[in-house]
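No value in this document is a laboratory result; all are computed from the given coordinates. Nothing here was measured: the structure is a model prediction, and the numbers come from that model. All Cβ positions, even for glycine, are placed from backbone atoms using ideal geometry, and neighbour counts span all protein chains on display.
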Amino acid sequence: MSVPGFEKALRRAVDWGKRGDWAGLIDDHMKEHFRVAGAADDVEIDDYIESLDEAVHQLAVRAALDDYLTCEFFAAGETVITDYLKRRGWNESVPRKEALTALNDSVMSLYEVVAVEPANSLTLRDLLRGGDPVTVEDRKSAAITPVGQRLGLRLFRWRGKPQIARGVLPFSRKGADKMRRLFDSVKSRLGTRADCEAVGSADDAPPAGRPSDGLDDTDLLRGMAYVFTTVFLLDVGSDGWLWDDVLATLGSDREFVDLRYPVVGSRDEIRAKLAAARCIVAADDKYMWLDAAPQPGESVDDAPPILGLFHGVDAGPLGLCLLWADREQQARAMVRDLLGGFVGPPTVERWKLGDLCDEVGDRDEAAEPAPGPARDDAEQPARAVG
């Protein structure tokens with residue numbers, strides 16, 4: 001997220017959603033995201049939540065909180081975000097208010113990662129609504145998200161740039177296929193949230209209900225956020241995987257380095273020098289620095305390991321993102337010898353793989369509390385589909 005201070009603004013909105021008229025809604029609303037998956041395991045909802053792996057739990061909670069903040073309650077269709085901005089908007093800067101408003105209008109959908117520029121951007125294709133792929137600048141997620149990954153997430157635009165909300169749910173291919181089938185069934189046959197009650201309990205399509213009354217795909221998705229969480233939880237089970245496996249394989253201390261050089265010469269000359277370098281390969285307008293020069297006729301897939309990726313070749317600082325921090329001095333020498341007269345001294349940004357958990361459930365950050373016991377006097381939310 002590139003909006004300065006947006007995470008703090010989100011936390012203030014969540015705190016607002018626990019006060020006043022909202023206090024009786026949050027627990028029941030959060031539990032709705034876990035209820036069907038818990039019933040599938042034939043356990044009480046609180047026991048089911050307690051049994052979840054920490055990383056899985058955090059992913060589900062973040063997605064559920066995004067839904068809670070943007071879900072329409074009461075007769076006037078108020079959301080936590082609209083109420084917070086109306087009553088406490090003076091406490092937020094204009095950029096944060098714009099970002100909160102854009103998030104409020106977003107919906108959860110299912111996306112496929114169709115291209116990755118490592119540690120720079122992801123290109124996502126909406127598998128439910130179609131349309132052109134969207135490229136999102138998100139260096140941390142791009143560093144570890146493979147092409148082909150299916151993700152349940154919210155996209156919204158802030159000042160013209162696509163942004164990914166913090167509630168991101170990774171699906172297996174089977175889980176994504178199930179989500180698509182469920183959406184297609186709801187789209188063609190259902191119109192109310194009550195009709196969707198059974199969607200997470202079996203692979204069969206849900207029972208037929210009344211027609212959708214002409215609601216478009218976005219309208220339907222606005223009422224289906226809890227279905228994404230349900231399918232995600234059933235997809236991964238309660239055994240845990242995700243970041244624990246990633247960190248165990250690569251090591252949480254693995255460090256990434258991004259060297260950013262101010263451009264002082266011709267970009268055409270820079271492109272020509274990159275294209276002529278034996279250890280740099282151009283593919284799809286991207287320049288990859290390899291561990292050794294590829295053999296004649298060797299495909300990119302069979303080439304030596306990629307050490308880093310150049311970015312900003314066409315505009316802005318020229319960057320070289322290194323996938324292995326111990327190659328930094330080698331990279332500096334390579335750029336100095338190749339582009340010495342065209343770039344100035346670099347600035348450096350470093351981060352560790354373990355730090356990426358901040359995007360999907362940071363273990364070092366105080367976690368949002370798990371949904372607590374249901375209150376007998378809690379007001380039931382009147383959730384709108386459209």
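Take the Cα of Asp291, step 7 Å toward its Cβ, do the same at Val147, and the gap between the two points is 2.0 nm. Taking Lys174 as the anchor, which lysines have their alpha carbon closer than 22 Å to its alpha carbon, excluding any fewer than eight residues away along the same chain? Partners found: Lys187.
A simple rule links phi to the HN-Hα coupling: the Karplus curve 6.51 cos²θ - 1.76 cosθ + 1.60 with θ = phi - 60°, which for region 45-62 gives 4, 5, 5, 5, 4, 5, 7, 5, 4, 4, 5, 5, 4, 5, 4, 5, 5, 5 Hz, with x for Gly and Pro. Summarising the amide proton neighbourhood of Phe171: residues at separation of 5 or more, or on other chains, whose placed amide H is nearer than 5 Å comprise Arg150, Leu151, Gly152. Restricting to Cα pairs below 8 Å that are 6+ residues apart, what does the relative contact order work out to for region 1-136? Please round to a whole percent. Rounded, it is 19 percent for region 1-136. Around the amide H of Val343, modelled in the peptide plane, lie the amide H atoms of Val264, all under 5 Å away and 5 or more residues distant in sequence or on another chain. Averaging the sequence gap over all C-alpha pairs within less than 8 Å and six or more residues apart, then dividing by the number of residues, gives region 82-130 a relative contact order of 26 percent. The peptide list 100-109, 122-131, put in order of mean Cβ contacts within 10 Å with the highest first, becomes 100-109, 122-131.
Summarising the amide proton neighbourhood of Trp158: residues at separation of 5 or more, or on other chains, whose placed amide H is nearer than 5 Å comprise Gln163.
Highest mean packing first, where packing is the average number of other Cβ atoms within 10 Å per residue, the peptides 222-234, 262-274 line up as 222-234, 262-274. Counting only lysines at least 8 places from Lys86 when in the same chain, those with an alpha carbon closer than 23 Å to its own are Lys8, Lys18, Lys97. Taking the average, over residues, of other Cβ atoms within 10 Å as the packing measure, peptides 83-96, 310-323 rank 310-323, 83-96 from highest down.
Using a simple spin-label model with pseudo-atoms 7 Å out from Cα toward Cβ, Arg173 and Ala282 lie 3.4 nm apart. Relative contact order of region 150-189: 36 percent, from C-alpha pairs under 8 Å at least 6 residues apart in sequence.
Label region 1-140 by shape, choosing from rounded, prolate and oblate, from the square roots a ≥ b ≥ c of the eigenvalues of the Cα gyration tensor; if a/c is under 1.5 it is rounded, and otherwise prolate applies when a/b is larger than b/c, oblate when it is not. Working shown, then result.
Working: a/c = 1.79, a/b = 1.08, b/c = 1.67.
It is oblate, given that a/c is not under 1.5 and a/b is not larger than b/c.
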